[in-house]
Structures are given as structure tokens and as C-alpha cells.
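Quick notes on the structure that follows.
The values are calculated or read from the model by the stated rules, or taken from the named source; none is laboratory data. Because the structure is predicted, anything quoted here is derived from the model rather than measured. Methodologically, a virtual Cβ is constructed for each residue, glycine included, from the backbone with ideal geometry; neighbour enumeration extends over all protein chains shown.
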4 protein chains.
Amino acid sequence: MRNTFGNIFTLTSFGESHGEAVGGVIDGMPAGIEIDMDFIQTELNRRRPGQNAITTGRKEPDKVELLSGIFDGKTTGCPIGFLVKNTNQHSEDYENMRNVFRPSHADYTYYNKYGARDYRGGGRSSARITIARCVAGAFAKLALRKLGITISAYTSQIGDIYVRDDYRTLDLSLVETNAVRCPDLKAAKEMEELVSKLKSKGDTVGGIISCVIRNCPSGLGEPEFDKFHAALGAAMLGINAVKGFEYGEGFSMANRYGSEVNDIFMSKNGKTVTQTNHSGGIQGGISNGSDIFFRVAFKPVATLLMEQHTVDISGNPTTLTAKGRHDPCVLPRAVPIVEAMAAMTVLDFYLLNKCAKL
Amino acid sequence: MRNTFGNIFTLTSFGESHGEAVGGVIDGMPAGIEIDMDFIQTELNRRRPGQNAITTGRKEPDKVELLSGIFDGKTTGCPIGFLVKNTNQHSEDYENMRNVFRPSHADYTYYNKYGARDYRGGGRSSARITIARCVAGAFAKLALRKLGITISAYTSQIGDIYVRDDYRTLDLSLVETNAVRCPDLKAAKEMEELVSKLKSKGDTVGGIISCVIRNCPSGLGEPEFDKFHAALGAAMLGINAVKGFEYGEGFSMANRYGSEVNDIFMSKNGKTVTQTNHSGGIQGGISNGSDIFFRVAFKPVATLLMEQHTVDISGNPTTLTAKGRHDPCVLPRAVPIVEAMAAMTVLDFYLLNKCAKL
Amino acid sequence: MRNTFGNIFTLTSFGESHGEAVGGVIDGMPAGIEIDMDFIQTELNRRRPGQNAITTGRKEPDKVELLSGIFDGKTTGCPIGFLVKNTNQHSEDYENMRNVFRPSHADYTYYNKYGARDYRGGGRSSARITIARCVAGAFAKLALRKLGITISAYTSQIGDIYVRDDYRTLDLSLVETNAVRCPDLKAAKEMEELVSKLKSKGDTVGGIISCVIRNCPSGLGEPEFDKFHAALGAAMLGINAVKGFEYGEGFSMANRYGSEVNDIFMSKNGKTVTQTNHSGGIQGGISNGSDIFFRVAFKPVATLLMEQHTVDISGNPTTLTAKGRHDPCVLPRAVPIVEAMAAMTVLDFYLLNKCAKL
Amino acid sequence: MRNTFGNIFTLTSFGESHGEAVGGVIDGMPAGIEIDMDFIQTELNRRRPGQNAITTGRKEPDKVELLSGIFDGKTTGCPIGFLVKNTNQHSEDYENMRNVFRPSHADYTYYNKYGARDYRGGGRSSARITIARCVAGAFAKLALRKLGITISAYTSQIGDIYVRDDYRTLDLSLVETNAVRCPDLKAAKEMEELVSKLKSKGDTVGGIISCVIRNCPSGLGEPEFDKFHAALGAAMLGINAVKGFEYGEGFSMANRYGSEVNDIFMSKNGKTVTQTNHSGGIQGGISNGSDIFFRVAFKPVATLLMEQHTVDISGNPTTLTAKGRHDPCVLPRAVPIVEAMAAMTVLDFYLLNKCAKL
């Protein structure tokens, strides 16, 4: 619970932004999966800071070390311990936050809950913690690869710039070609300009990441409380700065009629499929074999490089101007994290579904 | 897992629409809480079908029987078994669905996952199953009442009719005065008319339910994977027909700047509070003492009283016209379910939070 | 947790001795298993009081009602709610225990933990609660039957009378032929005489139940914390009055050399097997395909029909003589409960083991 | 599950004998506990090999590195990642075991379950893995110290040499004064001689470790399935080489009468206590405030430095003589592990018990 994600395939993570290391333990990884270290490191590099001009200028090598669970190049079924050392921390950038709560950050709530907090770099609430998710997600992807299941996320909105969000018409091979990870290159360019402009002001902006899971078999999801979309939603809502989740046609279904959005069944090549996919690939909480589609809303980064009013831990009014290296927009680096959480969820429920019958 | 909700305060539910009974086991209910049977039954009555002209015409008394866990009018700390008998089932209404998959329903996915299904009334995927949630939610509310925490949900949108969704300006005491449970009486009237019109056509419509939790103490939520809003989101996404969840300003934050939506801290009567509440009462995954606000999107009910194309279990094309008594819009009866799931989540995390310090 | 047993195949139970009913919810039962109601009721009858002269004289019909999860005679993969009504409770027998703690019973600890207790018939701590285990165990046995796995428990010791405890030489078909469920008929007769003698005095006696699981496949058990024998041990130690658990040669191995008790591998009909089975069928926490053997020690029943010194809830010294109908020895009726807990554990770990590989 | 222990206070461990490192993540450690690094390392040193003539000759520094969860010398409530590097592994000692199953070891069952295994030094089934338990146990002890709860284990039997096992008359301050960790110095000397003799032969021997928990408050334990002794039992049975667990008078209660072993209540200094403690401090699954006492049986170490018959992975008969550095008797080094598992269990249930009332 708490720092463990999943039921059968699980990640238990640890680490703070300015501690010794971040890492975790992956448990329930099926035995006999070949390990592709380059792939794992590449996945991790996708979330690394300093990739380009519009992300934070921090330089962190973020090299993953695997400590257990692999032998002769394959998983053994034993837990996989891993860590990424923190090597480029500028704790002095945070000295002015020791006794001051940053607005809309986790400072105040952590302090209240635990009676103390590691104020350096956001401590446990730092987005740096998502490193563990990327590593575990890479392992999950290696297993899903054997099953032919693929997961692709992309930035579909930043601020007031958005794409026509239909993954069937977008060219997702373009996602990694631009700094904001948007498959519509025109929109991508506008997004980059918006983020650059905000960065120069010290301001930040929110957005939406969309994700499609292809070739997911029918049967994933445990009805009632562990519906597949409930698990995906919990996974996404656990990512830093996320404010909302929807799948299929989501919130827009509030304004639709059943006669418009029911997905009619038909037979195709001897298989039962739906003519449309308003449902987003999940019906009654269980995957139906169609593409699974969902969207995740992110708020603007809370840390502004401009002066903000706040109070200190004694309740005295004060002002705070963050120093250091911060992202003006979290979305580009969050794309691989959305994929990682989705991959872990799919593998977890794939394994759970093995137990539906004897 | 699966049919169990919660960590410390848990509900394990059972039952199908046309089986003997629906019910469950509430575990982790704190000892020594006085039981108010009238309150529990009243909560259950709020979701009962046949309350008025625009809900299903089914008449189900839905009388809850408590089987254990209570002694001398108080909870004992032991599990509370309960059931509600199914007494007015018209299984013959579903005979034509025995071998046919209803579009956008759980028929196909259950059949695929388990190799068989109870087709009568939707079986386990029926909204009738939410009875167990209402009962457990009522118990949770009895505990929260002692802590002064209140939970109020209301319909904020049906189809294209919506209220200006600010719980601070809406008069939530009006929610129970109209058939759609909307606190804006003008909008309520329009919603009722819309639903009536669709009912007469055999069509259905979606909508949004909003919910506010007041007087929730700071500290609820376990950072990283069990963030408080992730738990609330999973709880809501587990409700039948839900397609999306957002908290605070949710999806609209995608198009905002940090300088607009950060909640500035100030000191008020010796307490640290925020000047605004864009965050929705949760920061870094932990409640901050402000009102908690979230919204839940529902799709239109999948069962239409009009002919639809579909296939049977052999893949042959066919048509299906649902018979029987169905809701044209799930929202009015889902309002108490949203409250119930929220109440269970708040109590569960209140108890978990006791363990943050020795 | 607490009132839920198992990981994938789970039982969540409820009920007190003198409440409305005892029962539970079985979750994770694989779909498609044929239900044999006679078998389930027969399993329940094996633990029923009043079977013969040496058990309690209580007459309880203990008829199980299944409420969900079954359709067309087969399990559907949905949770199975069930209950057994309490129909023959003599609560007045317990009136003198309202404010008095019975020695070596759960009265004092429940009172201390929860601030109150249902004193009638032991409340939640009554052995009557094991009804739920027998029902769930019967379902597990129906699944194991399809896998060819059998579970046989028997009384191997009562007081100072014991059998030579080798399940390979004992004739386990004799277990159900006598009142103490001992497969050695000479020992059985002596045990019956001992129990009868103690019953006439109002005294009680302990004993040992042994159990063998045959045809259990290799691979069950999750190394490190969920070793197969750790799960079996926890299951057995959760049964009322149990004081100890050992598997294979158990405690006697403390006084043995490695050269004496290592199980040497050999090849037999193309399969790797062990020449001996000192290990009890489990090595490194994982079943090895041999017979699994374990023993469970029970203390004498705490309720004596003789005067005992004690204190009341105010700490005043007093005496207490139990009234009513009590077992002088719990073992004969505990044999089916040991089997039930073993069956649940085996099925649970059989399902878990499906996830070891993709 | 599987590689995670506990409910609220949890350890998730990783590592193999000859991998990079062993370690784990401690979650649920209460915030604000002062960290005593010397104490933690000392606890770890107690299980270290090469402490004296009768343990394995391996020299492993086993220095613990804490990676997170601590700030300003205190726990923060965040997970504590830690590791101990493997620095002195002689993998070549195990080359002859690559394709051969050691008798009564985990080689065969791991191979069967996972389709492969890390054969070097026992891989995940090595006792080296218990390092993670010692570290987590040390953290638990630091929390229990604040509550005044102490845990003391000791060797009470090795082979046919045993002490009169009454912790009230034994002088437990002598445990750390001798190589076998036995508080009876005469028995200790005989045990050392026995182990030395067996070591010279390449043989091994089993034994019993006893443990007392003092000053444990009443109320720990969740009735029904998570009885306190069931949790302690599962914890102990998860330790390598354990074959049995008993608490209070354990297996000897099989041969006792209720009139002999019931613990009579009395009032003492205004508190309700028992005159005797046959129960071992737990009644109805809940601690009663008396000393908690239990015993754990260990089999002889399976690895013998003498030739044994076995088969290889193709089923061909062969012989195997282990090389390298092995303990002839696991008990002396298992004493701190028994304490560690007990400490984790006590802290976990202490935290759970906070939720019994609102």
C-alpha cells in the first residue's frame, strides 16, 4: 500500500529528490523474459531533464543499476531491485524553502501529516520520484512486447493549443520527433513557442496527455471495484500534477444520448467486434479487445520562477521566489510516465486474468 | 481485491440483479459507533428505483437486513454482514438476451472473460449491485458524523443542461427537493423535461455529478500511489457508467497558467489556509483542510428501449429491443452512490492516517 | 485483512455465535466449476455440533444458503455470498458472563481492544464462526477435485493417547467411522473413552490433528514471505484453540542431523522425486510434488463446566461456572476445518502460481 | 505479496546471494523516529557470517547503506530504501551445482516453478537474503523502543542438548556472551562442542529458538484470520529452514486438561492480569498484556560438506559434494532474525490496532 503499486506485478518505490538515490523493487515480474538493458535505459532517458531547451536545465545522467532478479540475461521470477543515484543535486537552491510553504505544492500537507519534511527539491513529492515508474514500466513493456501489446502516449494539449484528438488519424510515429511529444507537428511548434514564452516569464502551463493501448486482449479488468478503467485511472491520478482522467469519449459523454454512443457489435473475420469505439475499449470494466484510449489532464507546474506570497511554518506572511532549474510544463517528460503506468497496469491485469478460470 | 473496496475500512460485496440477494461484508468499522437504522435505510431509499416519474418503474422495497457486528445498538469492531433480498425480479424480461450481447453493456466482456454469464438483468454488472455500496457508505457516514465531516453530491449536468458548478454559491439543501437531485431549481426543471422526453423515446442521456467534502481534516492521503485523489478517482471510476473523474479545477487546468491557479497561503485565525481553492482541497496527494471538490462524468445508460443491431454469441447478426423497466438517465440515483463511495474513502484514509506517526 | 483470508481465492467472513447468521463472501472462485450442493452441505455437517455423544448437545441444523455467484449450476466467476442462520441459540446460558471474563477465553482481550463485546456464546470468537470456513473450503475442494488434489485430515492425538503418525500406513478411509475421527480404531476407542470421562467431569482436553495433501503439483508457494508452509501455518494458526503448527518432521527435526533427514533425489518413471519425504512435500517454501504433511496442536477447550475463579469487568474477584452445551474436546469437529483451510490455501496458491510465468 | 511482509509497516525485499546486492524498502515506518545507525549496523552484525569458529568462515562486511526516508536524523514517514552490497562472493564454489539439485534445498522447486534459477549460492533462497529482515527489524525495534516493548530471542535447543525453557528463570543477558546464543552457559558449551564436532564431519544439526516479547500492550491482533499468533507464526515460518512454530505451551497442550492450563484472572495493582501464562500472552488471537512467548523449530542445514546422491536437471543420477563455506547449524545466526521478524510483526499490529476505534 502507499508506496506499492499493483496487485500481482508490483512496484514498491523509494527515494527523494535530494537523497542518496531513487529506486524500487519490482515484484511479480514473470520469469523467463529477456532483458534489454538499452531499452530500459532509453525509456528512462525519455523522462530525463535537460533533453532540450524547453525542459529544466538540470543535467542528471540517471543511469539505472539493476541489483537482482536477473540471471543469464533473463528474469528469474525473483524481485528486481534497482536504483538511480542522485548525482547533480543543488540542495542550496532550496535553502529558502526550509521554513516556507510553496503555494500549491506538497510542502504544507507533508509537514502537517508527518510533522516534518525533507524540503530539498520537493523531497518525496518531487517528480524525480517517477524514475522508479519509468524503470518498472520498461520491464512491463518487455513482457507486453512478447504478447504483442503496445502502448503509445502523446501530448494532445498544452494551454490553449490542442490537436484533434483521434489516435487513428494522428501519426504517432512523430511523437518522439519534437520537444513536446505531440504527433501534430504544427501544434507541436505552437506548443513549443508557448512553453518557451512562459519559461522566459517564469510562469508555467498545464495540458493533456492522451494514450492508446493497442492489441490488448479482451478480459482484462476485475468487475465491481477493480474495473480496468478504475485501475488505469488510479494509476494516472497517482502521477504528479494530474487533475483528471477520462477514457473513451469521457466527459463529453455527459452530453450525449445512448442512441448516439452505443457501440454496435458486428462480426468481422469470425470475431465479434464493435463498429465504433466510443467506449474506449472497456465495457463493464473489462477490456473488449478494441483499442483502449484515455486522456489525462495536468495542472501547471506549481513552482514558479516569480515572486509569490505565502506563509512560513509559523504562519507569518512572507514571499518566495523559487530558484534553480524547473520545468515550465510537465507534459513532455510525463508522456513516458503515462506509458509506464499504463504498461504496469496492463501486465498486472493480464496476470490477474489468468485466474478467472481454473 | 476485485470485490473488496478499501484498505482498513473495507466493503466486500456480492450479488447479481436476479439472484437471491445482494449484500456484503463491512470490515474495519470502528467499534463503539451508534447505529441509526433509519438513517441507513433512508440512504438506501435514495438509490431505490421507482422514486418518481423519471426513474425506472421497478418497485423494489430494498429493505436492508443487518446480520452481525452490532450489539446493544453499537458497532463491536467485528465485520458487519448485510443483505437486501431481490424480491421483484422479472427475469422473463431478459429471456431474449440469453444469447445476445447488448451493445455497450458488459454482456460480451463477461462472457469472454468467464466463459458464461448470468444474463438476467445484467447479472453482476447490474447497477442493482450498488445497493451494497449505499449500505457501507451509510455506515461510513455514521462514523464521519462523529468527526463532523459531511459529504454532499448533486447533479450538475444532464445532457446539454448544466449549472454554474460552484458548490459555494449553490444551495445544496435543495438537492433532495427534485427528481434529478440538482440544486439549481431552474436547471432541475429543464433536466427533468429532457429526461422525460428521452424516456418517451426509449433513449437515454449522460451527465455529471459533483461532490463536496466539507470539514475534512488535513493529512488524508498516502503520497506516491495512494494519493487521496487517486483513491477518490478509483472509487468513482468503479461506479457503473462512469467515464471520467476530475478534482479541483480538473480538466480546465490544462488551459491555465501557474500564476493563475496556484493557491496562495495566508494565515487566518491562527491557521494556515489558502486564499483560493483551485486545487480542490488536495495538494501533493494529501488533503489540506480545505473543501474537497470533484466531478464525475457518466455516459448514457446503455440499455435502450428501441431496436439496436448486434450479434449473438455465435456471431450472427441480430437485433435486440430491451424490454422491462430501465432508467433513461442514471444520474439522479447515482448521487447517493457517489456520496457513499466518497464516505468510504474518507473514513478509510482517516484510519490509515492514524498510522503516519507512532 | 482481518476478516479476509487468501490472496486470489478469498473468504471474507462475518457473524457471531448469537447474532442473526454467520456467513461470508467467497471471491476469486474460478468460473465454470460445477456446484455440488450435497457435497457442500455434507462438509458443513461434518463440523455440526450434536453429531454424537461426545460432542456438544446443541442441535443446530446449519443449513447453508447460497445467495450469488452461481448460474445454471456452475460458478460464474462472481463472488459467492452465503449464510447459515443461527436458529437454536440459548443466549440466556450466557447471562452470567455479561460482566465476567472467562479464563483463557477471548472475553478480556476483545473487551480491551474494542471497549465492548458481544458476550453471548463467545460472540465473534465462538467456534461457530468456522462455519464460513467449511463452506468456503467445500468450494475450494470442488475446484481441487477437478485438479485431482485431495486433502485428508484426522485426529492423531487426544490427551495422552496418540497414533503412530504415518499417513502412509494409516487407513484414512476409517476417519469418518468413529466419533473422534481417528483412523486407528483402537486409539479411537480409547480417545472416545477419555473424552467421555472428561465430559462427565466438566473438564476438557487438547490434541493434535494431522493432515495430508495428495497429488499437489510442484510449484505452489511464493518464496521469501509467502512460503507455502508459512501460508498453511497461518491458515491453521487462525483456527480457534490452535497452539502450534509443524510440517514434515517438524519439531523433531531440531534433534536430527542433515545426513539423516535430507531427502535424496532420484529419477522414477522419468520424473524427479525424492526417496524419502522428511521435508513434508515443501522445499524452499515451494511444493515439490510429494505428499504435503503437517500437524496442528490444539489446546483444551477453555470453557469448563466447573467452577473457576476469575474477575469481572470492574476487576472484582468472582467465580464462574459455565452453563450450556460445550464440547469437551474440539478436535473431532476441527478435522473438517483443518481440511477446509488447507483446501483454500492450496487453491489460492495454485492460482497465484499461474502468474509465475507469462 | 510474495516479497512484501506486513500490512501497515512493511518490508519489500530483493536480492540473491551472488547478485549485486541485497536490500529492500521499508514502508509505513512512523515519522519522527530518531535513527541510531550504530544500533542498526550492530543488529546486522549479529547475523553476519564468520563471527566465530562454529559459523561459516565467510567474511562479509555487510555494511548497510540507507538511501531514503531519513532527514535530519529522523524518519520522515517516507519509504526507506536500503542495500547491502555483496562483496565476497565465491561463485566458483557453486559451479558444480549449475545443473544438479542439492537434496532438501530449494534448487529443484525453483527450477520447476520458474523454469530457471540462479544456482550461485542458493540465489534467492539463500539465507543471505535475511539481511533485509535484520535491517527492517532494527527499524521496527527503534520504534518499539519508544513504546518500551522489548524482544529477546535465544537458542534453547541444538540437537539433543536443550535448556529448561522458562524465560523467567533463564538469564537472557547471557545470550550474547557465547557463540550459540544460549542463555544457559553449561548447555551453551555442550552445544558449541556438538556443532564443532559436526562441522568437522561436514554434517549439520537442527534446533529450537525461543523468543519472549515483554511489555507488549493488550489489543494487538486482528481476530479471525489475522490473529496475533497467526501473524507471528507466518513470520517465523517464512525464515529459512523453519519447520514448526508454537506459542505459549504449544504442542505440549495437546496432552493437558483445561482445568490444568486455563489462565485464571486476578486483580493486581488495579489491573486485570492472569495468575499463570500458559497461553503465552495471547488469547482469542489478541495480546492480553502478559509476556508473549513462542518457539521456532529449525531443521539441519541442507548443505552438507559430504558426498550425497542426487540427480541433475536431466534426471540422471549423480553425486554432489558441496564446496565452500557453510554453517553447520543455522541457529546462532537465526536468533537476530527471529527477533527482527517479531519486531516487525509487533509494530505492524500496534499500528493496525490504532484503527480499532475511531
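Annotations for the structure displayed:
- Test for residue B:138: is it in contact (Cβ under 8 Å) with a residue 12 or more places away in the chain, crowded, with 22+ Cβ neighbours inside 10 Å, more than 14 Å from chain A (Cβ to nearest Cβ) and in a helix (DSSP H, G or I): yes
- Note on segment B:220-248: residues that are surrounded by 23 or more Cβ atoms within 10 Å (Cβ to Cβ), facing another protein chain (nearest Cβ under 8 Å) and more than 14 Å from the chain's Cα centre (by Cα) amount to 11.
- For segment A:1-24, a residue qualifies if it is within 25 Å of residue A:227 (Cα to Cα) and of a type outside the set (Gly, Ala, Ser), and the qualifying residues are A:1, A:2, A:3, A:4, A:5, A:7, A:8, A:9, A:10, A:11, A:12.
- Pairs with Cβ under 6 Å, 6+ apart, first in segment A:203-220 and over 26 Å from residue B:252 (Cβ atoms), second modelled with pLDDT of 95 or more and part of a loop (DSSP other than H, G, I, E, B): A:214/A:291; A:215/A:148; A:215/A:149; A:216/A:149; A:218/A:288; A:218/A:289
- For residue B:133: the one exception among (1) within 12 Å of chain A (Cβ to nearest Cβ); (2) surrounded by fewer than 24 Cβ atoms within 10 Å (Cβ to Cβ); (3) in a helix (DSSP H, G or I): (2)
- Residue among A:48, A:117 that is within 20 Å of residue A:13 (Cβ to Cβ), within 14 Å of chain B (Cβ to nearest Cβ) and touching a Lys or Arg at 6+ places or on another chain (Cβ under 9 Å): A:117
- Being in a helix (DSSP H, G or I) and more than 26 Å from residue C:277 (Cβ to Cβ) holds for only one residue in D:220, D:170, D:174, and it is D:174.
- Residue match in segment C:298-309 (condition: basic (Lys, Arg), under 18 Å from residue C:202 (Cβ atoms) and at the interface with another protein chain (Cβ under 10 Å from one of its Cβ atoms)): yes
- Within segment A:307-329, not a single residue is of a type in the set (Val, Ile, Thr) and either free of Cβ contacts under 8 Å to residues at least 12 places away in the same chain or part of a helix (DSSP H, G or I) (or both).
- Leading residue by the ranking (nearest to the other protein chains (Cβ to nearest Cβ)) among those in segment B:262-284 that are part of a loop (DSSP other than H, G, I, E, B) and polar (S, T, N, Q): B:262
- Taken over segment C:141-162, the residue count meeting the criterion of being basic (Lys, Arg) and in contact (Cβ under 8 Å) with a residue 12 or more places away in the chain is 2.
- Single match in C:327, C:291 (criterion: farther than 30 Å from residue D:195 by Cβ, at pLDDT below 95 and more than 7 Å from every other protein chain (Cβ to nearest Cβ)): C:327
- The selection criterion, being assigned to a loop (DSSP other than H, G, I, E, B), modelled with pLDDT under 95 and within 30 Å of residue D:8 (Cα to Cα), does not hold for residue B:29.
- Checklist (1) modelled with pLDDT under 95; (2) over 24 Å from residue D:335 (Cβ atoms); (3) surrounded by fewer than 16 Cβ atoms within 10 Å (Cβ to Cβ) applied to residue D:89, failing item: (3)
- Going through (1) at negative phi; (2) in contact with a helix residue (DSSP H, G or I) (Cβ under 8 Å, 6 or more places away or on another chain); (3) in contact (Cβ under 8 Å) with a residue 60 or more places away in the chain one by one, residue B:119 falls short only on (3).
- Restricting attention to segment C:314-358, the residues that are buried (at least 24 other Cβ atoms within 10 Å of the Cβ) and of a type in the set (Ser, Thr, Tyr) add up to 2.
- Candidates are the residues of segment B:110-124 that are over 20 Å from residue B:304 (Cα atoms) and charged (D, E, K, R); the one that is surrounded by the fewest Cβ atoms within 10 Å (Cβ to Cβ) is B:113.
- Among residues of segment D:1-41 being polar (S, T, N, Q) and touching a residue at least 12 places away in the same chain (Cβ under 8 Å), the one that is farthest from the other protein chains (Cβ to nearest Cβ) is D:41.
- Breaking point among (1) touching a residue at least 40 places away in the same chain (Cβ under 8 Å); (2) more than 10 Å from chain B (Cβ to nearest Cβ), for residue A:169: (1)
- Selected residue [part of a helix (DSSP H, G or I) and away from every other protein chain (no Cβ under 13 Å)] from D:196, D:152: D:196
- When residue A:68 is tested against (1) at pLDDT below 85; (2) outside any helix (DSSP H, G or I), exactly one condition is not met: (1).
- Residue A:104 vs. criteria under 21 Å from residue D:85 (Cα atoms), within 14 Å of chain B (Cβ to nearest Cβ) and crowded, with 20+ Cβ neighbours inside 10 Å: no
- Residue A:253 meets each of the listed conditions (1) touching a Ser or Thr at 6+ places or on another chain (Cβ under 9 Å); (2) crowded, with 24+ Cβ neighbours inside 10 Å; (3) at the interface with chain B (Cβ under 7 Å from one of its Cβ atoms) apart from (1).
- Residues of segment A:294-307 that are modelled with pLDDT of 95 or more and not aliphatic (A, V, I, L, M): A:294, A:295, A:298, A:299, A:300.
- For segment B:63-95, filtering for residues that are more than 10 Å from chain C (Cβ to nearest Cβ) and at positive phi leaves 1.
- Conditions (1) touching an Asp or Glu at 6+ places or on another chain (Cβ under 9 Å); (2) part of a loop (DSSP other than H, G, I, E, B); (3) surrounded by 18 or more Cβ atoms within 10 Å (Cβ to Cβ): number failed by residue D:82: (2)
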